[in-house]
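So the structure is just underneath, and the comments pick up after that.
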Amino acid sequence: MTRRLLLVSLAAGALTTPLPASSAATELAINGITVRPAEPVVRPSGSVRLVIDVIAKGVAGKDGVTIKVEPGAPPAQAPSATPSPSPSPSPGAGLRLAHAGDGWETWRFLPQKGLNRFYPAGPWTITATAKGADGEVVTQYASFQLRRETRLTSVRVGKARETHGVRLSGWLNKVDPSGYSDYVPFGGQKVEILYRKEATDIWEVAGTAVTKSTGAFGRTIQDRPNGYWRIRFPGTGHYAPKYSSIRKIGE
């Protein structure tokens, strides 16, 4: 199935606070872009809805700030605000909220489309465009990383036979981007084995293991028979990090 990868943000509701029109004498600028959640993770079902705020001043008109949200990294070496002689903003506008002070306003965007596992994982770019009363335009970019969920299953921790060590094993799986299954094995990935002797101690990496093609992994750690253990998958640019639950090996 072909899916459109551009998320167009449209206006959604009335203003929270009435605002006077921007003065033409105010310098047009964008001060920042924030997105929530900052690190979106998609699961086998459902979608993640974004909330995007753009702080700007010197903006003219109710559609004075527009955005695009699309996969890919921002333009290389793009300055934080770039004058543009020929504006080409995406359709729609956001909620124009209360003044943030010194002429700055917050524009809130609520994209109608949520992100799900069928969208490309990796970097995404938000392009915000602000337009002034004299036709001047500035553009600023922000980026976020879209990741798919991972999970650690059947994690076991127990004393290793005939040694003074601990045996840890389990499986690492990832969301299936094709949609044929909820999760599929995640092979060839390094997982970290974390250890602390006491509950108040800082976690340390006691060893690592690499998952097989089936997603299975296992490792025996010597000379640490007692304490607290857990598995951590550090994550990748496309897949989210994951921790297992904490297991204790007693005296």
Straight-line reach check, K62, cutoff 23 Å on alpha carbons, 8 or more apart in-chain or any other chain, hits among lysines -> K113, K131
Rounded to the nearest 0.05, FRET efficiency between E27 and V48 (Cβ-Cβ, R0 41 Å) equals 0.70
Most packed first (mean Cβ within 10 Å per residue), the peptides 240-249, 145-154 order as 145-154, 240-249
Most packed first (mean Cβ within 10 Å per residue), the peptides 194-206, 37-49 order as 37-49, 194-206
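Which FRET efficiency value, to the nearest 0.05, do you get for T200 and S143 by plugging their Cβ-Cβ distance into 1/(1 + (r/R0)^6) with R0 = 35 Å?
With R0 = 35 Å, the Cβ-Cβ based efficiency is 0.40.
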Straight-line reach check, K248, cutoff 20 Å on alpha carbons, 8 or more apart in-chain or any other chain, hits among lysines -> K159, K197
For segment 146-184, listing chymotrypsin sites (Phe, Trp or Tyr not before Pro) in a DSSP loop whose Cβ sees at most 16 other Cβ atoms within 10 Å gives Y180
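Suppose a student asked you for the relative contact order of segment 111-225, using Cα pairs under 8 Å spaced at least 6 residues apart; what percent would you report?
22
Values in this text are rule-based calculations from the coordinates and carry no lab data. Note that this is a predicted model, so its numbers are computed, not measured. Neighbour counts are summed over all protein chains in view; Cβ atoms, including those assigned to glycine, are modelled from backbone coordinates with ideal geometry.
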